[in-house]
């Protein structure tokens, strides 16, 4: 009996020991499972913090930023992109249909155009644009060049063909110049070039610039633009090059452009009289009236030709990239200048009211911002007695009418 009792007691101790061991193992297993679950939660939390930097999670934020620019109001769109929402939409559609732009997997045509216009309007650096649009620097650089090529393809479409001043014109500025197509002049735009090229691009004022020849019609729409010439080049030399090019400037015989004394008074290009007051600031309210036909001609010539000065002023107010030096290669800088002129024509065609032009007209001093036809065309730029006589005839006609009125 004692032996049996001892065996039962020993078996009870063994059972208790086994239960304790099993309980400890079970608790250890539970702790391991709990540790694994907590580790998974920490990993999921870490992934949640990292995922917004992925492409898929960034798309809503990128779309939200683009909508803030072009989706809220016309004024916000004008301040950021220099055009209202309707004009921006039409430009994007035109670049999509005729310029060859297409939506990529993550970047729409509208966002590509918006990034490009931000750089032109505010001269933003690549790193600033990539931060604003939540894109990589490589993406921004790629689409800037893609949109630039697309806009230059529209050059033939958006550059206008001028209409001569009609014989029955009633415009107070242009009715004196029958057959005139518009006005031309050159302007300096600062550029960045290598040290070896700086002497050629240095202007008489010491700035490193390119001399841009531009021609506009009576409505300040550009007809022809020739950027890329060195700042040291004379205006007459650039005009001679433009006329002699195969696809260059075409001036039909019998028509002409108004230009200043930096050019020769030759067929197709009418200049004012030298040695006679000319600029508008010389004809202020306290100035003496014109005393002869030369002064009267110069006054009316200056009023009409001022259209190109206003066009340059509005261009430099609209596009910040034209007011300061860019860090692109010189070939890209020249293309950006050309793109500014092309888009400017599109804006003037599509926007009935241009706040930039209104702001420019309200400035106290405009000079602060200035610095496929058929028929026979003019192919030489040489002074001629015939064209001087033509200028004298216009001046005499003006003077006779002026005497009758006064």
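How much length would be gained if the chain were fully extended between residue 136 and residue 325, taking 0.36 nm per residue of separation minus their Cα-Cα distance, in nm to one decimal?
On the way: separation 189, 0.36 × 189 = 68.04 nm, distance 2.36 nm.
That works out to 65.7 nm of additional length.
In nm, what is the difference between 0.36 nm times the number of residues separating residue 359 and residue 207 and their Cα-Cα distance?
Numbers: separation 152, 0.36 × 152 = 54.72 nm, distance 2.73 nm.
Net length gain for the segment: 52.0 nm.
If I take every Cα pair under 8 Å that is 6 or more residues apart in the range 276-333, average their sequence separation and divide by the length, what percent do I get for the relative contact order?
Reported relative contact order: 28 percent.
Would you mind checking the radius of gyration and Dmax of the range 121-217 based on alpha-carbon positions, in Å?
That works out to 20.3, 58 Å for Rg and Dmax.
Obtain the nm distance between the two label points defined at residue 237 and residue 388 by a simple spin-label model: each point lies 7 Å from its Cα along the Cα-to-C-beta direction.
A separation of 2.5 nm, rounded to one decimal place.
Which of the peptides 131-143, 174-186 is most tightly packed, and how do the rest follow, judged by the mean count of other Cβ atoms within 10 Å per residue?
Numbers: 131-143: 17.3, 174-186: 22.0.
Ranking the peptides 131-143, 174-186 by packing returns 174-186, 131-143.
Rank-order 239-246, 398-405 by packing density, defined as the average count of other C-beta atoms within 10 Å over each peptide's residues, highest first.
Values: 239-246: 15.5, 398-405: 12.1.
Averaged packing, sorted descending, gives the order 239-246, 398-405.
Could you give P(r) for the range 161-405, binned at 5 Å from zero, as whole percent values over all Cα-Cα pairs?
Values per bin, smallest distances first: 1, 6, 12, 17, 18, 17, 13, 9, 4, 1, 0, 0, 0.
Using per-residue counts of other Cβ atoms within 10 Å, averaged over each peptide, order 93-102, 308-317 from highest down.
Highest mean packing first, the order is 308-317, 93-102.
At 4 °C and a viscosity of 1.567 mPa s, what translational diffusion coefficient does Stokes-Einstein give for the range 165-242, taking Rh as the Kirkwood radius over Cα pairs? Give it in µm²/s as a whole number.
In µm²/s, the coefficient rounds to 92.
With an 8 Å cut-off on Cα pairs and a minimum separation of 6 or more residues, tell me the relative contact order of the range 119-200 in percent.
Details: 35 pairs, mean separation 11.9, N = 82.
For the range 119-200, the relative contact order is 14 percent.
May I have the convex hull volume per residue, in Å³, for the Cα set of the range 205-350? Mind dumping the intermediate values first?
Values: hull volume 22.2 nm³, N = 146.
Looking at the range 205-350, the number lands at 152 Å³ per residue.
Take the Cα atoms of the range 131-290, build their convex hull, and give its volume per residue in Å³.
Convex hull of Cα atoms, per residue: 215 Å³.
Taking 8 Å as the Cα distance limit and 6 or more residues as the minimum spacing, I'd like the relative contact order of the range 263-365 as a percentage. Let's see the in-between values first.
Numbers: 44 pairs, mean separation 21.0, N = 103.
Taking the mean separation of contacting Cα pairs over the length of the range 263-365, I get 20 percent.
Any read-out appearing in this document is the output of simple, stated calculations on the displayed coordinates, not a laboratory observation. Predicted model, so just to flag it, every value in this text is computed and none were measured. Counting neighbours? That spans all protein chains shown, and the Cβs are built from the backbone with ideal geometry, glycine included.
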